[in-house]
Amino acid sequence: MALVLYDNPASSNALKVRFALAELELAHERRTVPLSRPRPVEYLALNPVGGVPTLEDDEFVLAESHAILRYLAAREGRDDLYPAAPRDRARVDEFLDRFHTGLRAALFRHERLALGYSREGGGPDSAPRDPEGAARMEREIQPALRLLDGLVDPAGAVLGRFTIADVAIAPVLFRTTVTGLDLGPHPALAGLRERLLARPAWAAADPVT
């Protein structure tokens, strides 16, 4: 089997890659990497930064989840998922970068308190859960949620049709079903969550609650 995904079930970044692999119907082997730090020496030899996931395609090794999404769509010639037209592709890239460099962090501030994440432990319940703190944080991140809601086309993210931009945001929207973050005031995000989580490939991606 050519494709190997160095993965952890609790990693939202790994989940987005599993979602893409399922959409592309690509067989792959999963190898679990612990989220606790420091990461295993043998994994750091493969990915010196230590982030999860990492993809191995024969002798080609690639890290960073959004880079992996772009690579897999291009590898399979799926212009529907990652457009070939420069302006359409730029819109997908723009959304991926906006989400990764700012908006994702705001949502994680809520997840960290609601689910008990810590940097050292890595996964959920590696720190005490703080429901009251999560409720306060939900109020604090409303501006970021309103901004993100405005970036999402009511018919679907970015281009109004399914692309790797939707793949990238799906795990975070899924986590709101676990944290209890209310998307009611944000109808575009709520509708997008409903559509994405209904896709057959989403269930095949083995989302962990």
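The values are calculated or read from the model by the stated rules, or taken from the named source; none is laboratory data. Quick caveat: nothing in here was measured; it's all calculated off a predicted structure. Cβ atoms come from the backbone with ideal geometry, glycine included; neighbour counts cover every protein chain shown. Surface areas here come from the heavy atoms of the whole protein model, side chains and all, with no ligands, DNA or RNA. Shrake-Rupley method; radii C 1.70, N 1.55, O 1.52, S 1.80 Å.
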Revision key, fill the gap. The residue that is nearest to residue 13 (Cα to Cα), considering only those in segment 124-145 that are open to solvent by 10 Å² or more (accessible area, probe 1.4 Å) and within 19 Å of the chain's Cα centre (by Cα), is 124
Review point. Checking residue 169 against (1) β-branched (Val, Ile, Thr); (2) at pLDDT below 95; (3) touching a strand residue (DSSP E or B) at 6+ places or on another chain (Cβ under 8 Å), which test does it fail?
Key: (2)
Practice item. Filter segment 146-155 for residues that are surrounded by 18 or more Cβ atoms within 10 Å (Cβ to Cβ) and assigned to a strand (DSSP E or B) and give the result. Key: 152
Exercise for review: Select, from 178, 158, 208, the only residue that is closer than 18 Å to residue 94 by Cα and either surrounded by 18 or more Cβ atoms within 10 Å (Cβ to Cβ) or of a type outside the set (Ser, Thr, Tyr) (or both).
Suggested key: 158
Exercise for review: Given the conditions (1) over 26 Å from residue 40 (Cα atoms); (2) in a loop (DSSP other than H, G, I, E, B), report the number of the one that residue 128 does not fulfil.
Suggested key: (1)
Review point. Would a scan of segment 162-174 turn up a residue that is open to solvent by 30 Å² or more (accessible area, probe 1.4 Å), among the aliphatic types (A, V, I, L, M) and in a helix (DSSP H, G or I)?
Key: no
Review point. When you scan segment 67-91, how many residues do you find that are assigned to a helix (DSSP H, G or I), in contact (Cβ under 8 Å) with a residue 12 or more places away in the chain and either more than 16 Å from the chain's Cα centre (by Cα) or farther than 24 Å from residue 104 by Cα (or both)?
Key: 3
Point to revise | Subset of segment 105-148 [charged (D, E, K, R), touching a helix residue (DSSP H, G or I) at 6+ places or on another chain (Cβ under 8 Å) and modelled with pLDDT under 95] | key: 125
Check your understanding: Considering segment 38-66 alone, what residues qualify as being surrounded by 13 or more Cβ atoms within 10 Å (Cβ to Cβ), of a type in the set (A, V, I, L, M) and without any contact (Cβ under 8 Å) to a residue 40 or more places away in the chain?
Key -> 61, 62, 63
Practice item. Of all residues in segment 13-34, count the ones that are over 16 Å from residue 71 (Cβ atoms) and crowded, with 21+ Cβ neighbours inside 10 Å. Key: 2
**Study point:** From the options 15, 44, 62, 5, residue that is in contact with a Pro (Cβ under 9 Å, 6 or more places away or on another chain) and part of a strand (DSSP E or B)
**Key:** 5
**Study point:** Lone unmet requirement of (1) in a helix (DSSP H, G or I); (2) open to solvent by less than 60 Å² (accessible area, probe 1.4 Å) for residue 118
**Key:** (1)
